[in-house]
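Beneath this line is the structure, given in structure tokens, with notes to follow.
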Amino acid sequence: MQTIKYSIAIRSDVPGTKKAEITSTKAYPVFQQTGQISIDDLARHMKDHGSKHSRGEIKGFIDDVVDCVVEHLEQGVSVRLGDLGTLSPSLKVTGSESASTVSADNIKAVAVKYRAGKVFKQIKDHATFECVPSREAQALAVAEARAQETMQPEDEDDGSLG
């Protein structure tokens, strides 16, 4: 069983509230990422776990999948990747005063929505959880430790032999 680390954050209990307008808060668990893995590292990991394919073949396959997924998303097609989940195209937009003034200029970016597959929805059932200090609390502790003077012994040895 794997351990998922989280810290505690105090946030507005009304999502989207501007900081200056917050009137009440709640404490929430917040996921703490412990690292990141590249496609190269993932391919190496898969090879180390007994894949019959070479690291290069695995990486090449993943690169090909990405190319094909992008092609389908650009065509407006959702891509279901089995247990991995589904990727769907979406738009980031700005509004107009009326329908007659809406144009492609309102589209600021194409985003990709991800819906987890069944095995990803079960991660919580296969993990334990550990509360850890937030990144901010960790940074404050490091800064405090660095600001402290080191203790020196009373009879300081100057390194001489006599």
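Mean-square fluctuations from a GNM of the chain, with a 10 angstrom spring cutoff on Cα atoms, peak among K113, K92, K59 at K92.
Entry note, the chain: the mean residue ellipticity at 222 nm calculated from DSSP H runs of n ≥ 4, each adding -39500 (n - 2.57), is -9000 deg cm²/dmol after division by the residues and rounding to the nearest 500. Projecting the Cα atoms of A137, T34, V66 onto the charge dipole of the chain, computed from C-beta unit charges around the Cα centre, puts V66 farthest toward the positive end. What translational D, rounded to a whole number of µm²/s, comes out for region 37-77 from Stokes-Einstein when the hydrodynamic radius is the Kirkwood one over Cα pairs, at 25 °C and 0.890 mPa s? This corresponds to a translational diffusion coefficient of 225 µm²/s.
Give me the dipole magnitude in Debye, nearest 20, for the chain about the Cα centre, with unit charges on the beta carbon: positive for Lys and Arg, negative for Asp and Glu. List each step's numbers first, then the result.
Numbers: 20 positive and 24 negative charges, 274 e Å.
Dipole magnitude for the chain comes out near 1320 debye.
Using alpha-carbon positions, what is the distance between the centroids of region 26-102 and region 115-135, in Å? After rounding, the separation between the Cα centres reads 18 Å.
Output the DSSP H helices from the chain with an along-axis C-alpha extent of no less than 27 Å and a mean Kyte-Doolittle hydropathy no less than 1.6.
The answer is none, since no helix passes both cut-offs.
So for the chain, averaging the separation of alpha carbon pairs under 8 Å that are six or more residues apart and normalising by length, what relative contact order in percent results? Normalised by residue count, the contact order of the chain is 25 percent. For the chain, modelled as a GNM whose springs connect Cα atoms under 10 angstrom apart, the maximal fluctuation among Q148, Q138, Q75 occurs at Q148.
Rank A43, A111, A145 by mean-square fluctuation in a GNM of the chain with C-alpha springs under 10 angstrom and give only the top-ranked residue. Judging by the Gaussian network model, the answer is A145. For the chain, the gyration tensor built on C-alpha atoms gives an oblate shape. Its axis ratio a/c (a ≥ b ≥ c) is at least 1.5, and a/b is not larger than b/c. Dividing the convex hull volume of the alpha carbon atoms of region 92-145 by its residue count gives 205 Å³ per residue.
Bear in mind that the values in this text are calculations on the coordinates, not laboratory data. Values in this document were obtained by computation on a predicted structure and should not be read as measured data. Cβ: placed from backbone, ideal geometry, glycine included. Neighbour counts: every protein chain shown.
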